[in-house]
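Novice: I have a structure I would like to understand better, so I am pasting it below and will then ask my questions one at a time.
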Amino acid sequence: MNALAATSRNFKQAAKLLGLDSKLERSLLIPFREIKVECTIPKDDGTLASFVGFRVQHDNARGPMKGGIRYHPEVDPDEVNALAQLMTWKTAVANIPYGGAKGGIGCAPEQLSVSELERLTRVFTQKIHDLIGIHTDVPAPDMGTNPQTMAWILDEYSKFHGYSPAVVTGKPIDLGGSLGRDAATGRGVLFAIQALLEEYGKSISDQRFAIQGFGNVGSWAAQLISQAGGKVVAVSDVSGAVKNDSGLDIQKLLKHSLESRGVKGFSGGDALNQNSVLIEDCDVLIPAALGGVINRENANDIRAKFIIEAANHPTDPEADEILSKKGVIILPDIFANSGGVTVSYFEWVQNIQGFMWDEEKVNSELKNYMIKGFKDVKEMCKTHNCDLRMGAFTLGINRVARATVLRGWEA
């Protein structure tokens, strides 16, 4: 099931639980604005190349729209639409004053030189600069983009609007980026796991973890979990997978993964088929890579008791049903991976105030938001007698619906 269908299905289910008015329900689903622009740049060899860039701005009832920009060959409008919508619910669940957006450029970043990427980013910014802004829409990095990309957007945007560090988040520290932003999603995942396990009278130190994906989120989650005394028994990434029943040495694995560009061939564990990391014997499974990896084909074989969705929509709705019958507890993406956007919010706040925080403050504020978020989700689960995914969706959608009605959407 594609991302848009899965998201819409979850939305409709939650709207039904909330008893939303059907006109309001339709209005909440339709994006506020969809932008599509042509970006033509001279390549280093003097030829011209054209790329299509876009931005879906989904909802701004609760504040400026917020979401990543990805550079990827298959930037599919449907998927971007779904991810923009997910950002609307995610920011509402986290209770930060934003709506949702998402965007990208259809390109293969690894086939472009740094100067070509810079030209492409600047042309894209020129085309959308009057549609983004500190109080309108605040982009951030996503797949294929990074703090350098944000620095170029900031510079190009500032040529039109004056120096505006708060127009993007995920910036380099030297240009107003926040301390703790790099680890934020992974750290949020840690706080989310702690809150969930506490609910069941368990702690991180007595659980065994398997992590799919060893990029930014997966590697930070692995480091922080092992520092908290958890045992990471299996890890996979695009290069391969590795397991060790008595626990992998995460620091050594990190070093190996940086040197060999992947976890494959790590001497501190046994090689493993990439896909079997999902069905490895563990207590907590953390999918931290792509969407749709847990589906009806493999759901029956999953042995974990808890699944923490660090990736966006890693679990198909069909797998959801199979797993809930098995009694597996799933902590949904719109809560579990909201640490990143929460610290992006802190970055934006710091930029607007012109006053930067130390890392300790960033991390302790993040912890407060994650713990409060978990309590709010649990409240909704009790109210509507539903699982954590519906608890999170009803919480987010209800907040957006209330803001929409209060602002007077029928006028």
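Novice: Restricted to the range 332-374, and to residues that are assigned to a helix (DSSP H, G or I) and without any contact (Cβ under 8 Å) to a residue 40 or more places away in the chain, which residue is farthest from LEU388 (Cα to Cα)?
Specialist: Applying the filter and picking the extreme gives GLN353.
Novice: Please verify whether the range 372-383 includes one or more residues that are surrounded by fewer than 21 Cβ atoms within 10 Å (Cβ to Cβ), of a type in the set (A, V, I, L, M), touching a helix residue (DSSP H, G or I) at 6+ places or on another chain (Cβ under 7 Å) and at pLDDT 95 or above.
Specialist: Checked the range 372-383: no residue is surrounded by fewer than 21 Cβ atoms within 10 Å (Cβ to Cβ), of a type in the set (A, V, I, L, M), touching a helix residue (DSSP H, G or I) at 6+ places or on another chain (Cβ under 7 Å) and at pLDDT 95 or above.
Novice: Something else: Would you say GLY104 is under 20 Å from the mean Cα position of the chain (by Cα) and under 21 Å from GLY218 (Cβ atoms)?
Specialist: No: the conditions fail for GLY104.
Let's see how each residue does on (1) in contact with a Cys (Cβ under 6 Å, 6 or more places away or on another chain); (2) within 16 Å of PHE209 (Cα to Cα); (3) among the β-branched types (Val, Ile, Thr):
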| position | (1), (2), (3) |
| --- | --- |
| ASP237 | no, yes, no |
| ILE250 | no, yes, yes |
| LEU253 | no, yes, no |
| HIS256 | no, no, no |
| VAL277 | no, yes, yes |
| CYS282 | no, yes, no |
| ASN295 | no, no, no |
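Novice: Please enumerate the residues belonging to the range 330-345 that are among the aliphatic types (A, V, I, L, M), within 24 Å of GLY170 (Cα to Cα) and in contact with a strand residue (DSSP E or B) (Cβ under 7 Å, 6 or more places away or on another chain).
Specialist: Taking the range 330-345 as the starting set, the residues that turn out to be among the aliphatic types (A, V, I, L, M) are 330-331, 334, 336, 341, 343.
Now drop any that are not within 24 Å of GLY170 (Cα to Cα), which leaves 334, 336, 341, 343.
ALA336, VAL341 - these are the residues of the range 330-345 that are among the aliphatic types (A, V, I, L, M), within 24 Å of GLY170 (Cα to Cα) and in contact with a strand residue (DSSP E or B) (Cβ under 7 Å, 6 or more places away or on another chain).
Novice: So is ARG55 in contact with a strand residue (DSSP E or B) (Cβ under 7 Å, 6 or more places away or on another chain), crowded, with 18+ Cβ neighbours inside 10 Å and assigned to a loop (DSSP other than H, G, I, E, B) or not?
Specialist: No.
Novice: Let me ask another. Quickly run through the range 87-115 and pick out the residues that are assigned to a helix (DSSP H, G or I) and more than 15 Å from PRO73 (Cβ to Cβ).
Specialist: MET87, THR88, TRP89, LYS90, THR91, ALA92, VAL93, VAL114, SER115
Novice: With the checklist (1) over 18 Å from the mean Cα position of the chain (by Cα); (2) open to solvent by 10 Å² or more (accessible area, probe 1.4 Å) in hand, flag the one item PRO97 doesn't pass.
Specialist: (1)
Novice: In the range 230-262, what count of residues is obtained for those that are over 18 Å from LEU190 (Cβ atoms), assigned to a helix (DSSP H, G or I) and open to solvent by less than 10 Å² (accessible area, probe 1.4 Å)?
Specialist: Selection size over the range 230-262: 0.
Novice: Does GLY103 qualify as being crowded, with 24+ Cβ neighbours inside 10 Å and over 30 Å from LYS372 (Cα atoms)? Talk me through it step by step, then tell me what you get.
Specialist: Details: crowded, with 24+ Cβ neighbours inside 10 Å: yes; over 30 Å from LYS372 (Cα atoms): no.
Answer is no for this residue.
Novice: What pairs come up if the first residue lies in the range 64-88 and is under 23 Å from PHE393 (Cα atoms), the second is open to solvent by 30 Å² or more (accessible area, probe 1.4 Å) and of a type in the set (Val, Ile, Thr), and their beta carbons are under 9 Å apart, counting only those six or more places apart or on different chains?
Specialist: Every condition considered, the pairs that remain are PRO64/ILE134; PRO64/THR136; MET65/THR136.
Novice: I'm trying to understand the selection: among the residues of the range 306-329, which are within 24 Å of GLY215 (Cα to Cα), touching a strand residue (DSSP E or B) at 6+ places or on another chain (Cβ under 8 Å) and either assigned to a loop (DSSP other than H, G, I, E, B) or of a type in the set (Gly, Ala, Ser) (or both)?
Specialist: If the condition is that a residue be within 24 Å of GLY215 (Cα to Cα), touching a strand residue (DSSP E or B) at 6+ places or on another chain (Cβ under 8 Å) and either assigned to a loop (DSSP other than H, G, I, E, B) or of a type in the set (Gly, Ala, Ser) (or both), then GLU309, ALA310, ALA311, PRO314, ASP316 are the ones that fit.
Novice: Which pairs do you get when a residue that is without any contact (Cβ under 8 Å) to a residue 12 or more places away in the chain and more than 18 Å from ASP130 (Cα to Cα), found in the range 153-179, comes within reach of a residue that is part of a helix (DSSP H, G or I) and open to solvent by 20 Å² or more (accessible area, probe 1.4 Å), reach meaning Cβ atoms under 9 angstrom, with the pair 6+ apart or on two chains?
Specialist: ILE173/PRO147
Novice: Against the condition touching an Asp or Glu at 6+ places or on another chain (Cβ under 7 Å), at pLDDT 95 or above, open to solvent by less than 10 Å² (accessible area, probe 1.4 Å) and not β-branched (Val, Ile, Thr), how does ALA92 come out, does it pass?
Specialist: no
The values are calculated or read from the model by the stated rules, or taken from the named source; none is laboratory data. Everything numeric in this text was worked out from a predicted model, so none of it was measured. Here the Cβ is made from the backbone with ideal geometry for all residues, glycine too, and neighbour counts use every protein chain on show. These accessible areas exclude ligands, DNA and RNA; they are computed on the full protein's heavy atoms, side chains included. Shrake-Rupley method; radii C 1.70, N 1.55, O 1.52, S 1.80 Å.
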